[in-house]
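Shown next, in structure tokens, is the structure this report addresses.
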Amino acid sequence: MALSEEERRRLDMLEQQLASSDPDLYQKLQAGTPGKQRREAAGMVRGVLTLIAALTLVIVGSATELIIVGAAGFLLMIAGAHWFLDGYQHQGGSR
């Protein structure tokens, strides 16, 4: 649902008042969700750990000649790469 012109004007006025009365709070609100970077970093760590575990599975599957273990490791490697790259992208890697 779109805002009317009057609502937009009031919202802009409130934003300007907040910026003048409490600049620190205003900057924090502009920066985004608190703790977001921590969650993104945790996603990157999860991705790296998953990649390490997946590589181990691929090696074990290759050494034991169990195709299912190697295939599971490969699929897990794709998931780990996705988690890592998603966290990297949100951290500022593509900005």
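None of the figures in this text is laboratory data; all of them are computed from the coordinates on show. Keep in mind the model is a prediction, meaning the values are calculated, not measured. Here the Cβ positions follow ideal geometry from the backbone for every residue, glycine too, while neighbour counts run over all protein chains shown.
At-a-glance table
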{"read-out": "The chain: relative contact order as a whole-number percent, Cα under 8 Å and 6+ apart", "value": "28 percent"}
{"read-out": "In order through region 44-60: 3J(HN,Hα) via Karplus (6.51 cos²θ - 1.76 cosθ + 1.60), integer Hz, x for Gly, Pro", "value": "5, 5, 4, x, 5, 5, 5, 4, 5, 5, 5, 4, 4, 5, 4, 5, 5"}
{"read-out": "Percent of Cα-Cα distances greater than 15 Å, calculated over the chain", "value": "72 percent"}
{"read-out": "Neighbour-count ranking [beta-carbon atoms within 10 angstrom, fewest first] of Thr64, Thr50", "value": "Thr64, Thr50"}
{"read-out": "From phi via Karplus (6.51, -1.76, 1.60), per-residue ³J(HN,Hα) for region 63-75 in Hz, x at Gly/Pro", "value": "5, 8, 6, 9, 4, 5, 5, x, 5, 5, x, 5, 5"}
{"read-out": "Using alpha-carbon coordinates, inclination of helix 5-21 to the longest axis of the chain, degrees", "value": "90 degrees"}
